[in-house]
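Report on the following structure.
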Amino acid sequence: LQSEYILGSGDILLINFIGLQIYSKQYPIDPDGYLNLPEIDKFYAKDKTLDELTKELNFKYQDFIINPNLKISVKAYRPVNVYIAGEVNTPGLYQLSYNKNSMNSSNNSAKAFANKTPNLFDALKLVNGITNYADVTNIEIIRDNSIGQGGGKIKTKINLLDLILNGNQDLNIKLHDGDFIKVNKANKVIKDQI
């Protein structure tokens, strides 16, 4: 499932105005999807990728800065809201966070989890696992696609059996805000599938 991160309300961006440090700082995307920026005030950032936003802002700032060169990164990610349906024990809308509780730990290894992206297994843990009739070879994930990659929705199917039996971590994909996860029903119980 190849897709770029799509910005949304609650993301905090670090915008570095190269050569103009007075404006370089953190800018949150407000609940309406806007950044409040110097000189241009409100700029709609929601539903754009970092590349799209960088190109648009570099173009917009040409009216105010000679040869603008903005570098933009995400300083803090918004929570990830996903809807999980099908053969799971407690289907519904769930929120996962990028920051793990281990951040409160005093050991240094906790810092490694500070920006851990929520993944498919994190979501399946939230719904208290799958039912006995879940088709672990056919889990669908539907997500919004960036405008730069064609827009609309993209979909993939995950075969968790390969992850369970062979440890293929590539299948434990990172989740994005707005993902829809559907665990389909199988004709036989999980024990027989394995």
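Read-outs: derived from the displayed coordinates by stated rules, not from any lab. Since the model is a prediction, treat every value here as computed from it, not as a measurement.
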*Which entries in LYS116/LYS153; LYS125/LYS153; LYS60/LYS182; LYS55/LYS174; LYS48/LYS155; LYS116/LYS191 show an alpha-carbon gap greater than 29 Å?*
LYS60/LYS182; LYS116/LYS191
_Using Cα springs under 10 Å in a Gaussian network model of the chain, which residue among GLN26, GLN149, GLN95 shows the largest mean-square fluctuation?_
GLN149
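If you average 1/r over all unlike Cα pairs in the range 6-64 and invert the result, what Kirkwood radius do you get in angstrom?
Radius from the Kirkwood sum: 11.6 Å.
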